[in-house]
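In what follows, a single structure is set out as structure tokens and then discussed.
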Amino acid sequence: MSDASEKMKPSQEKQDEVLKQEQPGLEPEAPIESLGEKKEGPKKGEGKKEKSFFSKEKTIALKESEYDKLVHEAAEFKDKYVRLLAEFDNVRKRTDREKQEFVKYANEGLLAQFLAILDDLERSVEAAKAKHEDYDAFLKGIEMVMAHVYELLKKNNVKPIEAKGKMFDPHLHEALMQEETDQFKEGAIVEEFQKGYFFDNHVIRTAKVKVATAKTAKGIAKDAKEEQPNN
């Protein structure tokens, strides 16, 4: 009997389809669970909320002795940090002061050597004043002073830059004039106005020079005119 009634009873799915056709827009009710069936709850670990990034700080209980110990250690570390910072600042100030003094007095020895040369020049001038007609002695004194200067420069790794007859180099020479000539190659140095110097292969002063250029047609014509004998 029960089997026959079950066959005659339409299935839940067919009832839902009929309901949709008769009342469009109305959702069918969820099937009622049969008695005796228990709905399983969420499994362990499911449904837990994630912890917030800004979680509250935890309160940790400490013994009073442990708390006092931590406070004492923190105070010691702070004191060491302050002392080290002060010491570092003192070292920095002392280093800056020593650097300034070094820059200020770096040339002290060199200046002291030049004072000896100044003494020689003063003696030569005094001798020239005392003996007005002794030109050779005065010239000899000046040459001795110059030799002293050259020796001092050599001792301090200062040497002159070669110029006359050399090809012009903008790193070593400074061209003040140009001269049209066929006696030198174009770009060669014809004359030196002021010497240049190296200090340990570093240019401390460029040489002031006159540079040769090739003759132009106008210059050649001028030379030819000057070579013609005067009538």
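The values are calculated or read from the model by the stated rules, or taken from the named source; none is laboratory data. Treat the numbers as computed from the prediction; the structure is a model and nothing was measured. Heads up, the Cβs are rebuilt from the backbone with ideal geometry, glycines too, and the neighbour counts pull from every protein chain shown.
Brief remarks follow.
- Residue match in segment 117-131 (condition: in a helix (DSSP H, G or I) and either in the same structural domain as residue 193 (by TED's automatic domain parsing) or touching a Ser or Thr at 6+ places or on another chain (Cβ under 8 Å) (or both)): no
- Meeting the requirement of 1 or more residues that are under 30 Å from the mean Cα position of the chain (by Cα), the strands (runs of 3 or more DSSP E) wholly within segment 156-214 are 158-160, 173-180, 197-199, 202-205.
This table checks each residue for (1) touching a Phe, Trp or Tyr at 6+ places or on another chain (Cβ under 8 Å); (2) within 18 Å of residue 198 (Cα to Cα); (3) among the charged types (D, E, K, R).
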{"position": "112", "(1), (2), (3)": "no, no, no"}
{"position": "117", "(1), (2), (3)": "no, no, no"}
{"position": "129", "(1), (2), (3)": "no, no, yes"}
{"position": "141", "(1), (2), (3)": "no, no, no"}
{"position": "152", "(1), (2), (3)": "yes, yes, no"}
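- Qualifying residue in segment 61-84 (condition: surrounded by 10 or more Cβ atoms within 10 Å (Cβ to Cβ) and in contact with a helix residue (DSSP H, G or I) (Cβ under 8 Å, 6 or more places away or on another chain)): yes
Residues are listed down the side, and each one gets a yes or a no for (1) touching a strand residue (DSSP E or B) at 6+ places or on another chain (Cβ under 8 Å); (2) closer than 16 Å to residue 212 by Cβ:
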site: 138; (1), (2): no, no
site: 149; (1), (2): no, no
site: 159; (1), (2): yes, no
site: 163; (1), (2): yes, yes
site: 167; (1), (2): yes, yes
site: 170; (1), (2): no, yes
site: 181; (1), (2): yes, yes
site: 184; (1), (2): yes, yes
site: 190; (1), (2): yes, yes
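- Of the residues making up segment 184-196, those that are surrounded by fewer than 16 Cβ atoms within 10 Å (Cβ to Cβ) and touching a residue at least 24 places away in the same chain (Cβ under 8 Å) are 185, 186, 187, 191, 195.
- From the list 66, 87, 101, 76, the one residue that fits, being of a type in the set (Asp, Glu) and closer than 26 Å to residue 158 by Cα, is 101.
- Test: residue in segment 109-127 that is of a type in the set (Val, Ile, Thr) and modelled with pLDDT of 80 or more: yes
- Residue in segment 145-162 that is touching a residue at least 12 places away in the same chain (Cβ under 8 Å) and among the polar types (S, T, N, Q) present: yes
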